[in-house]
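Student: Submitted below is the structure of interest, expressed as structure tokens.
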Amino acid sequence: MQEPPDSIQQISLTAPPWTDDNESIATQETHPGYALQMHQAESFINELLARADARPASGSLLQYLCLIQRQYSCIPETTVHVLAERLSIPASQVFSVIDFYTFLHRTPRGDFDILFSNNITDRMLGSQALFGRLCQILHVEPGVPRADGRVTVDWTSCTGLCDQGPGMLVNGIAVSSLDEKRINEIAEQVENKTPLKQWPADWFEIKDNIQRRDILLSDQIVNGSAIEALINKGAENLLQAIEQSGLRGRGGAGFPTAKKWRFCRDTKADDYYVVCNADEGEPGTFKDRVLLNSYADNLFEGMTVCAGIIGAKKGYLYLRGEYLYLREALEETLQQRRQSGLLGNNILGQEGFDFDIDIHLGAGAYICGEESALLESLEGKRGIPRKRPPYPVNQGLFGKPTVINNVETFINAAKIAVFGADWLRAAGTEQSAGTKLLSISGDCERPGIYEYPFGTSVSQILADCGAADTQAVQVAGAAGTTLTADAFERSICFEDLATGGSFMVFNQQRELLAMVKNFSDFFRHESCGFCTPCRVGGALINDLVNKVMVGHATQLDLEEMKNIGSLMQQASHCGLGATAPNAVLQTLEKFPDIYTARLANRSFEPAFDIDAALAPSRKITRRDDPGAHIAYEPEQSSKP
Ligand SMILES: Cc1cc2nc3c(=O)[nH]c(=O)nc-3n(C[C@H](O)[C@H](O)[C@H](O)COP(=O)(O)O)c2cc1C
Ligand code: SF4
């Protein structure tokens, strides 16, 4: 079992990358990451661990690695060995963690590490052309640091900027609303070695973009009022209120929140944990970004109420690496809450009510949104989903009972504490009480955040966001449901269309196969690789989608996609693999024409060219006569 860190916030990445320590832009030749001597690595790691102000904890491994990466733009091998020795873990474990997370690297990236968001909605807004343009102006090959080490330009999975895309991250910091002009200017800043701090501030402005508010976003609570309600009503009464409210998890699966908290509370242990899942990696989802930006106090209040109910002393906010730019303000909010007696020891004067929250930064791995993978990551390991049972409520973080909830769930809980169960019950449906935040993007006039009572129809939402001529809606992200126009009367709720909040709109002009390909690329990239159905099945399906795209697929390939997809759904170890083929399977059923229109004019086309593979043998034997070739008899077309 891993050792719990005492104080992650002590070593947190509080300084954003444009502060003084990032002012000097090193060049690749002088790049410290290249040839870091052992004594330099030792002194850096010593300082790092001293700043941790606690016994070195292997649970903080990922956080240490993020800091090393920020210092050297990679994790030099010498630091790996020193860190491994100090944490008493094998160096191979450290290397395996580095290799797991997309944002960590063993070799230096460019001084400006530029990552374009690769979501389909960014692509629909022209990100591909902008990516090509930037590479061209800067003379860089995608994904490869320029020879002088100045810059790397690459892709990354959805950055959660779909309402104001195309988006990118520069040294981890989000830049939105890209267009040709901005790309030219960014290239200029890079060539001039302008420190990020001096880039125009408005490039980094990320708007909340709230288009529709309902009870969650409108009804305000005073800081501390939910904690006061807990103290006044008592833990059991408040838990009952949450039970009566019918609150269900907003991360997608909709598990009853009070039940989860009760299971955790009823598990006998000496320590309990509260974890907020702010990984928000589902393509097309960005509502937690807004909640973290403008409703952080409510979130921390909800986590504190949960801690009071289950008896936790420690909480973690697992913040996706893509939201690094939100971290400083979140740390400030935590600090203010400590100063106001809303966190720390004896909260609001209650003897023994001790609770504090640390922020843990992710490093670019969608799978870490899956709760058990998230716990592994919090323990400083690779984000490989755990076998369940045991469930986190019984055996979670560091083996202790743990509640994990989505950002939106905790905020709802805080408000129920103040306004009561009926506040939530008044909105929504019998099985889905309250409202849902939707992140709307794609082909509509007004993308952004929309809060709706559960039970609202897709057609209503499309009308509100200014979508016309809609061909399809993708609800719940890449792993979700693809809706055809005849299903637009279906509604957003757990009994019909359950969703974590992603709502992507595609009009009639869109090539839906591009969406399928984008999602299939995404899942191939994001598979953690632990189990064969997802690792291999995802790659095979992706190859077949690509075969369809280039016009070489046949009917047999489509059947093969269905077989592989169904196997993945049944045999994958976790929800990622089980849902990865959804878009392929659903579009094969609901939009068969997008496939058949691209089929090769044969019922079978070999995926492997045996004749071409024999070319080297022919060369060696100096034969090129017809007998040295595999004869290929094209079959009769199965199509009329
Ligand atoms: C691949 C995968 C990714 C997930 N990503 C997230 C995420 O980013 N945020 C989230 O809250 N839940 C995510 N979940 C669901 C979590 O496992 C978990 O159910 C959720 O955090 C529980 O919180 P809730 O009950 O408040 O919804 C994901 C699940 C899977 C399988
Ligand atoms: S289904 Fe995919 S993501 Fe989940 S454990 Fe298997 S390989 Fe990893």
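The values are calculated or read from the model by the stated rules, or taken from the named source; none is laboratory data. What you see is a predicted model; the values in this text were computed from it and never measured. Please note: Cβ atoms are built from the backbone with ideal geometry, for glycine as well, and neighbour counts cover all protein chains shown. Remember, those area values only see protein heavy atoms, side chains included, never the ligands or the DNA or RNA. Shrake-Rupley method; radii C 1.70, N 1.55, O 1.52, S 1.80 Å.
Student: Given a 1.4 Å probe, how much area per residue of region 488-640 is accessible, in Å²? Intermediate values should be presented prior to the final figure.
Tutor: Values: 8030 Å² over 153 residues.
Averaged over the residues of region 488-640, the accessible area is 52 Å².
Student: Apply the Karplus parameterisation 6.51 cos²θ - 1.76 cosθ + 1.60, with θ equal to phi minus 60°, to every residue of region 476-486 and state each ³J(HN,Hα) to the nearest whole Hz, in sequence, with x for glycine and proline.
Tutor: 6, x, 4, 8, x, 10, 9, 9, 8, 4, 6
Student: Same structure again: Check Trp155: other-chain or 5+ apart residues with amide H under 5 Å from its amide H, H built from backbone geometry?
Tutor: Here Phe116 satisfy the definition.
Student: Also, quick follow-up: Taking only DSSP H segments of four or more residues, each worth -39500 (n - 2.57), what value at 222 nm results for the chain once the sum is divided by all its residues, to the nearest 500 deg cm²/dmol?
Tutor: Working: 26 runs with 258 residues, N = 640.
After summing the helix terms and dividing by the residues of the chain, the value is -12000 deg cm²/dmol.
Student: Run the accessible area of the chain with a 1.4 Å probe and give the carbon-and-sulfur part as a rounded percent. Could you put the intermediate results ahead of the total?
Tutor: Details: 12390 of 25230 Å².
The computed percentage sits at 49.
Student: Once a ≥ b ≥ c are taken as the square roots of the eigenvalues of the Cα gyration tensor of region 353-477, is the result rounded (a/c under 1.5), prolate (a/b larger than b/c) or oblate (a/b not larger than b/c)?
Tutor: Values: a/c = 2.45, a/b = 1.51, b/c = 1.63.
Judged from the Cα gyration tensor, region 353-477 comes out oblate (a/c at least 1.5, b/c at or above a/b).
Student: Continuing with this model, one more query. Once you sort the root eigenvalues of the Cα gyration tensor of the chain as a ≥ b ≥ c, which label holds: rounded (a/c under 1.5), prolate (a/b larger than b/c) or oblate (the other case)? Could the numbers behind the result be given before it?
Tutor: On the way: a/c = 1.69, a/b = 1.25, b/c = 1.35.
Since a/c reaches 1.5 but b/c is at least a/b, the shape of the chain is classed as oblate.
Student: If you don't mind, another one. Show the residues, 5+ positions off or on another chain, whose built amide H is closer than 5 Å to the amide H of Gln471.
Tutor: Phe506, Asn507, Gln508
Student: Next question. Could you let me know the centre-to-centre spacing of region 236-277 and region 349-404, using Cα atoms, in angstrom?
Tutor: Rounded to whole Å, the Cα centres lie 15 Å apart.
Student: Okay, moving on. I need the peptides 181-190, 373-382 ranked by packing, meaning the mean over residues of other C-beta atoms within 10 angstrom, with the highest value on top. It would help to have the intermediate numbers written out before the result.
Tutor: On the way: 181-190: 16.9, 373-382: 24.6.
Going from most to least packed, we get 373-382, 181-190.
Student: Set the bar at 25 Å for Cα to Cα. Now go through Lys259/Lys590; Lys233/Lys268; Lys287/Lys400; Lys207/Lys517 and name every pair that lies beyond it.
Tutor: Details: Lys259/Lys590 37 Å; Lys233/Lys268 23 Å; Lys287/Lys400 30 Å; Lys207/Lys517 29 Å.
Where the Cα-Cα span goes over 25 Å, the pairs concerned are Lys259/Lys590; Lys287/Lys400; Lys207/Lys517.
Student: Could you tell me the center-to-center distance, by alpha carbons, between region 589-631 and region 546-560 in angstrom?
Tutor: Going from one Cα centre to the other spans 13 Å.
Student: Classify region 211-425 as rounded, prolate or oblate from the Cα gyration tensor: take a ≥ b ≥ c as the square roots of its eigenvalues, call it rounded if a/c is under 1.5, otherwise prolate when a/b beats b/c and oblate if not.
Tutor: Numbers: a/c = 1.31, a/b = 1.15, b/c = 1.14.
Rounded, since a/c falls under 1.5.
Student: List every residue whose amide H lies under 5 Å from the amide H of Val393, counting only residues 5 or more places away in sequence or on a different chain, with H placed 1.01 Å from N in the peptide plane.
Tutor: Thr402
Student: Just the number please: accessible area per residue for region 230-274, 1.4 Å probe, all protein chains included, in Å².
Tutor: Details: 2120 Å² over 45 residues.
For region 230-274, the solvent-accessible area averages 47 Å² per residue.
Student: Rounded to the nearest whole Å², what accessible area per residue is found for region 112-207 with the 1.4 Å probe?
Tutor: Accessible area per residue: 37 Å².
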